Amino acid sequence: MSELRVRFAPSPTGYLHIGGARTALFNYLLAKKEQGTFILRIEDTDVERSTQESTDAILQAMDWLGLSYDEGPFYQSQRFELYQQKVQQLLDEGKAYKCYCSAEELAAKRDAALKRGDKPQYDGTCRDAAARSDDQPYVVRFKSAQEGITSFNDLIKGTISFNNQELDDMIIQRSDGTPTYNFVVVIDDAEMGLTTIVRGDDHVNNTPRQILIYKALGYAIPAFAHVPMILGADKKRLSKRHGATSVMAYRDMGYLPEALVNYLVRLGWSYGDEEIFSMQDLIEKFSLENVGKSAGVFNPEKLLWLNEHYIKTGEPQRLATLLREYLANDGISVPADIDLVEVVKTLQDRSKTMLEMAEKAAFYCSDTLVYDEKAQKKFITQDQQQIFELLVAQLQSCEFTHAGVEAAFAQVLEQTGLKFGKVGQPTRVALSGGTSAPGIFEVMLVLGRERCISRLNAALQLIG
RNA sequence: GCGCUCAUCGUCUAGCCUGGUCCAGGACACCGCCCUUUCACGGCGGCGACAGGGGUUCGAAUCCCCUUGGGCGUACCA
């Protein structure tokens, strides 16, 4: 076990989204690779917006992706006592102070500053003011450094420096007594012994403030690694209007978790020319050095290609289990004598998603076939009557193996003098209901002798 | 506005640190051909980028500066 300790710290105000999943994944991979510890912490200091449903949804999504954690989940809402203690400590040491400015006053000052073209900052009204009686509402502010430079060496972006004048006295405790993010994140990261903080680069600007708090509280400062954002096709931050952003929505759309994992890791990280990575590969090969600095555009097409790849190469047994669920979601139950593993084998090369596979598998399962209108009109006609009759006769007596049905089919070709296509396509329609389906012999074998004959007879009924 | 930051094909990227082997490689998408019992799979090929301008250098995608463009932040959200 190495000393490396990393964490994923989502706030439970919604489902786990694509960006969060990637951050979690990077942390997970780092921990596994270095045999360190991956901690899950729920940042629910905002009591208003945090919900149990969101926490559950995030946990479920991480589980689906295979991102297991070693410690946690810890809930910040259960650690308020610790935070209050730290606030008091800073107050006692004169490193923080009570501020009685109202939210309205502050908003007005902010607007004025913006108007002047200044960076809106707290002006320090209460910083040096005499203490007042506590029956007036107040927030607690951290006394930030007013001069000097705070810099850190980001493991992804390199050295980043901030002039301390840019940092104002931020609020660490709200007027309702609850602590704020930038304060608790430091306490928890420090108390939980984190050595490296891997998070989205929207936190870069928070880092110098946090470093100042680490120092004020006497904590060791961890290493930071800020992962670039994920953008939509219009280069705007990825959001719902760019399509699905929820991890679980991808499961619902028929994506395999390994496809999402593979896609997410390659968005912003690379390993030479390689594209396909299993979780095991990633644990061996992932490193922060190969993470790029620039934001990446989410490309649904490439994700789809990866999904296609994993379906194509997936274990039929496992896919069959999944297929049964997707089929069930469509209200389709699988007849006992239909071998779903065999169904999967006929569909793996033809399905980009499990949802698509379920659609294509439907015809195997239904008792009464629904014909595609055009196909029926063209291929279930008087012209096919003889073909179907001959085929039924052959199927009744042939050996029901690939070679057997192929031979039976050949017999029909010989008897009618027709080419394969002339017989094949109508048969395909009679058996599957449409003009596109897996190979005829494969379909027949999955369907079984009885079903083939009854479907052919049903087509004959329609003709006759 | 101010601060931080980024910049190679439409997109994800290799190359950049340690200049020449790069008239820039791979992948997705797209286009074409081949294979073929339908639909797919697959094989082969094509299209397509160093943001712009200055330097430094014998030589720059690679180093420096400026410009432009993008992202993030600027909350009693996280």
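The values are calculated or read from the model by the stated rules, or taken from the named source; none is laboratory data. The structure displayed is predicted, hence computed values, not measured ones. Cβ: placed from backbone, ideal geometry, glycine included. Neighbour counts: every protein chain shown.
With respect to (1) part of a loop (DSSP other than H, G, I, E, B); (2) over 23 Å from A:LEU82 (Cα atoms), the lone exception for A:VAL204 is condition (1). A:LEU82 meets the conditions (1) touching a strand residue (DSSP E or B) at 6+ places or on another chain (Cβ under 8 Å); (2) at pLDDT 95 or above; (3) of a type outside the set (Gly, Ala, Ser) in every case but one. The failed one is (1). Of the residues A:ASP367, A:ASP383, the single one that is surrounded by fewer than 16 Cβ atoms within 10 Å (Cβ to Cβ) and part of a loop (DSSP other than H, G, I, E, B) is A:ASP367.
With respect to the conditions (1) closer than 30 Å to A:PHE26 by Cβ; (2) more than 15 Å from RNA strand B (Cβ to nearest atom), A:PHE80 falls short on a single one, namely (2). In the range A:213-237, the residues that are farther than 25 Å from A:SER270 by Cα form Cβ pairs under 6 Å with partners that are part of a loop (DSSP other than H, G, I, E, B) and more than 7 Å from RNA strand B (Cβ to nearest atom), at six or more places apart or across chains, as follows: A:TYR214/A:ILE221; A:ALA216/A:LYS95; A:PRO222/A:LEU194; A:PRO222/A:THR195. Of the residues making up the range A:223-268, those that are under 25 Å from A:THR195 (Cα atoms) and surrounded by fewer than 18 Cβ atoms within 10 Å (Cβ to Cβ) number 2. Among the residues making up the range A:306-321, those that are of a type outside the set (Val, Ile, Thr) and in contact (Cβ under 8 Å) with a residue 40 or more places away in the chain are A:LEU306, A:ASN307, A:GLU308, A:HIS309, A:TYR310, A:GLY314. Do we find a residue being within 7 Å of RNA strand B (Cβ to nearest atom), free of Cβ contacts under 8 Å to residues at least 60 places away in the same chain and either in contact with a strand residue (DSSP E or B) (Cβ under 8 Å, 6 or more places away or on another chain) or on the phi > 0 side of the Ramachandran plot (or both) anywhere in the range A:175-194? Yes, the range A:175-194 has at least one match.
Considering the range A:386-410, the residues that are among the β-branched types (Val, Ile, Thr) and assigned to a helix (DSSP H, G or I) include one that is farthest from A:ALA361 (Cα to Cα), namely A:ILE387.
The selection criterion, being away from RNA strand B (no atom under 11 Å from the Cβ) and either at pLDDT 95 or above or among the basic types (Lys, Arg) (or both), holds for A:LEU447.
Given the condition within 10 Å of RNA strand B (Cβ to nearest atom) and part of a strand (DSSP E or B), answer yes or no: does some residue in the range A:207-223 qualify? No, the conditions are met nowhere in the range A:207-223. Just one residue in the set A:ALA407, A:ALA358, A:ALA375 is more than 14 Å from RNA strand B (Cβ to nearest atom) and surrounded by 13 or more Cβ atoms within 10 Å (Cβ to Cβ); that residue is A:ALA358. When A:THR45 is tested against (1) under 29 Å from A:SER144 (Cα atoms); (2) modelled with pLDDT of 95 or more; (3) crowded, with 17+ Cβ neighbours inside 10 Å; (4) of a type in the set (Ser, Thr, Tyr), only condition (2) is not met. In this structure, A:GLY193 qualifies as part of a loop (DSSP other than H, G, I, E, B) and within 28 Å of A:ALA21 (Cα to Cα).
Scanning the range A:224-252 for residues that are farther than 30 Å from A:ASP92 by Cα, of a type in the set (A, V, I, L, M, F, W, C) and within 16 Å of RNA strand B (Cβ to nearest atom) yields a total of 7. Among the conditions (1) assigned to a strand (DSSP E or B); (2) over 27 Å from A:ALA24 (Cα atoms); (3) within 8 Å of RNA strand B (Cβ to nearest atom), the only one that A:ARG141 does not satisfy is (3). Pull out all pairs, ordered by first then second residue, where Cβ-Cβ is under 7 Å, the residues are six or more apart or on different chains, the first lies in the range A:6-25 and is crowded, with 24+ Cβ neighbours inside 10 Å, and the second is among the acidic types (Asp, Glu). Cβ pairs passing all conditions: A:ALA9/A:GLU43; A:PRO10/A:GLU43; A:PRO12/A:ASP44. The set of residues in the range A:146-174 that are in a loop (DSSP other than H, G, I, E, B) and surrounded by 16 or more Cβ atoms within 10 Å (Cβ to Cβ) comprises A:LEU155, A:ILE156, A:LYS157, A:LEU167, A:ASP168, A:ASP169, A:MET170. Does at least one position in the range A:146-157 carry a residue that is among the small types (Gly, Ala, Ser) and more than 8 Å from RNA strand B (Cβ to nearest atom)? So far as the range A:146-157 goes, yes, one or more of its residues are among the small types (Gly, Ala, Ser) and more than 8 Å from RNA strand B (Cβ to nearest atom). Quick check on A:SER77: is it modelled with pLDDT of 95 or more and in contact with a strand residue (DSSP E or B) (Cβ under 9 Å, 6 or more places away or on another chain)? Taking the combined requirement at face value, the residue does not satisfy it. Is it fair to say A:PHE38 is surrounded by 20 or more Cβ atoms within 10 Å (Cβ to Cβ) and farther than 17 Å from A:SER278 by Cα? When the stated conditions are applied, A:PHE38 passes them.
Taken as a whole, the range A:87-94 holds no residue that is hydrophobic (A, V, I, L, M, F, W, C), loosely packed, with under 15 Cβ neighbours inside 10 Å and within 14 Å of RNA strand B (Cβ to nearest atom). Meeting the requirement of 3 or more residues that are within 9 Å of RNA strand B (Cβ to nearest atom) and surrounded by 13 or more Cβ atoms within 10 Å (Cβ to Cβ), the helices (runs of 4 or more DSSP H) wholly within the range A:269-342 are A:300-313. So, of the residues in the range A:23-71 that are in a loop (DSSP other than H, G, I, E, B) and within 12 Å of RNA strand B (Cβ to nearest atom), which turns out to be nearest to A:ARG7 (Cα to Cα)? Ranking the candidates gives A:GLU43 first.
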